[in-house]
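The values are calculated or read from the model by the stated rules, or taken from the named source; none is laboratory data. In this text the structure is predicted, and so the values were computed from the model without any measurement. Cβ sites come from the backbone with ideal geometry, for glycine too, and all protein chains shown count toward neighbours.
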Amino acid sequence: MGEMKPGTDSAAGTAAAAGTWTLGDIEVNRMGFGAMRLTGSAPFYQGVPSDRAQAIRVVRRAVELGVNHFDTAAFYFSRLRSANEILNAALAPCPADIVIATKVGPARDASGEWTTPARPDQLRGQVEENLRQLGRDHLDVVNLRIMGQDSVSEHFGALAELRDAGLVRHLGISGARPEHLAQALSIAPVVCVQNRHGIDDPAGGPMLRACADHGIAFVPFFAISGKGREAGPARAEHDPVRAVARAHGVSPARVRLAWTLYQGEHVLAIPGTGNPDHLADNVAAAALRLTEEELRLLDSVGRPL
């Protein structure tokens, strides 16, 4: 079970300002970093590839700002960039207190096209590819990205065997339903669940609550982009979000991330960017305090009319 610890006054302005949570036996700051956008202006093969040197600087700056939880995947790559390679170059030799969580399940070929998701017997190869790209001898957290299957037992069982073999320290699931969590828990401990969730895209609500009941970290993705997902924000910002942002003199993105952290002490944020200014703004959300009235206003965005 995880445990949350509050931030301290000395942590103001850093990722530690929102407090910490334990993933199994590993303590991380609740404000983390998602590596997907390190590969370019849009993820995967779309858009302009990132400036590698700047991407490396962003990762190192994130560490300076107190980020010690990085989310990545071997399938986060564009025409010229690999998120895992950038993390490896930026962090090597990786400090002992840095936690890298990755995902397995989806697969892409060398041209960037999505292919058939991995079978259970292919997951070891994906884990070993992450190890090679990251320059690690074990992976801190591996999430099984569920690709539409009703049962995850066979896939999660294969990952549990890799955990027993020492290649993986802790396991999680992603894109999951509550029944998937129950299946996984019957096989091995689950330290986190990664699902889509945000102010205007509250799809993760049931799993948010299920994770709270089990003391498991809930790690929402697309907290800033909402239904725009990989492409970024899909529409002009909602009036309640803009109103709260104006009241605090901050960006709407910072408000969205602060709201995310207010969803529960077990919630970890993993916003991603390749822009150093956006990075600083995202991390500052850890220290943004919202009133009960502001939270009710923001909650109204995701409610059906």
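Among all residue pairs at least 6 apart or on different chains, which show Cβ distances below 6 Å where the first residue, located in segment 275-292, is over 18 Å from Gln263 (Cβ atoms) and the second is assigned to a loop (DSSP other than H, G, I, E, B) and of a type in the set (Val, Ile, Thr)?
Leu279/Thr273
Give the residues of segment 168-195 that are among the aliphatic types (A, V, I, L, M) and either assigned to a strand (DSSP E or B) or over 15 Å from Lys103 (Cβ atoms) (or both), sorted by residue number.
Once the filter is applied, which keeps residues that are among the aliphatic types (A, V, I, L, M) and either assigned to a strand (DSSP E or B) or over 15 Å from Lys103 (Cβ atoms) (or both), segment 168-195 yields Val168, Leu171, Ile173, Leu181, Ala182, Leu185, Ile187, Ala188, Val193.
Between a first residue in segment 101-112 that is without any contact (Cβ under 8 Å) to a residue 12 or more places away in the chain and farther than 14 Å from Ala176 by Cβ and a second residue that is surrounded by fewer than 19 Cβ atoms within 10 Å (Cβ to Cβ) and hydroxyl-bearing (Ser, Thr, Tyr), which pairs have beta carbons less than 7 Å apart while being 6 or more apart in sequence or on different chains?
From segment 101-112, the pairs are Asp109/Thr115.
Would you kindly identify the helices (runs of 4 or more DSSP H) lying entirely within segment 240-305 that contain at least 3 residues that are in contact with a helix residue (DSSP H, G or I) (Cβ under 7 Å, 6 or more places away or on another chain), within 16 Å of Ala16 (Cα to Cα) and modelled with pLDDT of 95 or more?
Counting at least 3 such residues, we get 252-261, 276-284.
With under 23 Å from Ile100 (Cα atoms), surrounded by 18 or more Cβ atoms within 10 Å (Cβ to Cβ) and modelled with pLDDT under 95 as the only criterion, which of Ile224, Ile146 stands out?
Step by step, each of Ile224, Ile146 is checked, and only Ile224 is under 23 Å from Ile100 (Cα atoms), surrounded by 18 or more Cβ atoms within 10 Å (Cβ to Cβ) and modelled with pLDDT under 95.
So which residues in segment 1-21 are crowded, with 17+ Cβ neighbours inside 10 Å and either closer than 21 Å to Thr72 by Cβ or at pLDDT 65 or above (or both), if there are any at all?
Gly2, Thr14, Ala15, Ala16, Ala17, Ala18, Gly19, Thr20, Trp21
If we scan segment 68-83, do we find a residue that is assigned to a helix (DSSP H, G or I), surrounded by fewer than 22 Cβ atoms within 10 Å (Cβ to Cβ) and in contact with a Pro (Cβ under 8 Å, 6 or more places away or on another chain)?
no
Being free of Cβ contacts under 8 Å to residues at least 12 places away in the same chain, closer than 17 Å to Ala107 by Cα and not aliphatic (A, V, I, L, M) is the requirement here; does Gln133 meet it?
Answer is no for this residue.
If only one of Arg229, Arg169 is at pLDDT 95 or above and out of contact with any helix residue (DSSP H, G or I) (no Cβ under 6 Å at 6 or more places or on another chain), which one is it?
Only one candidate qualifies: Arg169.
Only one of Gly135, Gly105 is at pLDDT 95 or above, surrounded by 15 or more Cβ atoms within 10 Å (Cβ to Cβ), touching a Lys or Arg at 6+ places or on another chain (Cβ under 7 Å) and small (Gly, Ala, Ser); which?
Exactly one residue qualifies, and that residue is Gly105.
Residue-wise test of (1) farther than 23 Å from Ala55 by Cβ; (2) within 16 Å of the chain's Cα centre (by Cα).
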site	(1), (2)
Asn68	no, yes
Ala74	no, yes
Arg79	no, no
Ile86	no, no
Thr102	no, yes
Ser111	no, no
Gln122	yes, no
Gly125	yes, no
Glu128	yes, no
